[in-house]
1. Arrange the peptides 21-33, 137-149 so that the one whose residues have, on average, the most other Cβ atoms within 10 Å appears first.
2. For the stretch 28-72, which chymotrypsin sites (Phe, Trp or Tyr not before Pro) are both in a DSSP coil and crowded by at most 16 other Cβ atoms within 10 Å?
Amino acid sequence: MVLLASNNISNLCAAIFKFQINFCYVILIVGVLVWPFLMLKSPMSFWQAAIGAMITSIFAAIFIVLGAIHDAPTCTQVSFLIFYLPSQYLLSAMKNERNQGILRNQGEVATYPEYSLKNLFLAYGTIAYSFGGHGAFPTIQHDMVKPFRFNRSVWASYIFILFVYLAVSLAGYFVYGGSMRNTIIPSLQGDFNRRKGLQEDINHKPLC
């Protein structure tokens, strides 16, 4: 989480303040800032951070999905043609749309990468990381007022996280395709202030 937060902060400084700071230095700064909170006894001592992370995650997911929906008419039109039109009509349709000024920017068109074992394992690693909070389960169960309801809390949390992650992942894949890299935010075609707010929102989650 420290690495993720440091990377986001470094990108945020470069994009907003035009101030380039080495990622390695940001890791040290974030580590020093977070260190006092690591001295707390258990998650029960800073439950407010968990609530804050949940709220920022919800807002970030909503804004990302809305941004993807806003970009969908431009970014997915060629993908729709590829899947639903025979090849002999595809080139003609694309040519007509370019002549009409619909495809304004070739970079805005979604293309989908081919399946490969490398991409499969990279995707699995990301998924495993996203759902990797099970290491804190014993502590959470110990701190619960009603530990016998631990199963209920686990099911509820994983279902909630699954819905949030699926919404963002599906929106990003179908709208932007293979143009995405390690984050979806730069792919959003909206204004600068929206991307800035999303970046700040996501910065808050890893720190929580």
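Quick note: the coordinates plus some simple rules give every number you see, no bench work behind them. Only a predicted model underlies this, so the values are computations on that prediction, with no experimental measurement involved. So basically every Cβ, Gly included, is an ideal-geometry build from the backbone, and we count neighbours across all protein chains shown.
1. Going by the mean number of other Cβ atoms within 10 Å, highest first, we get 21-33, 137-149.
2. none
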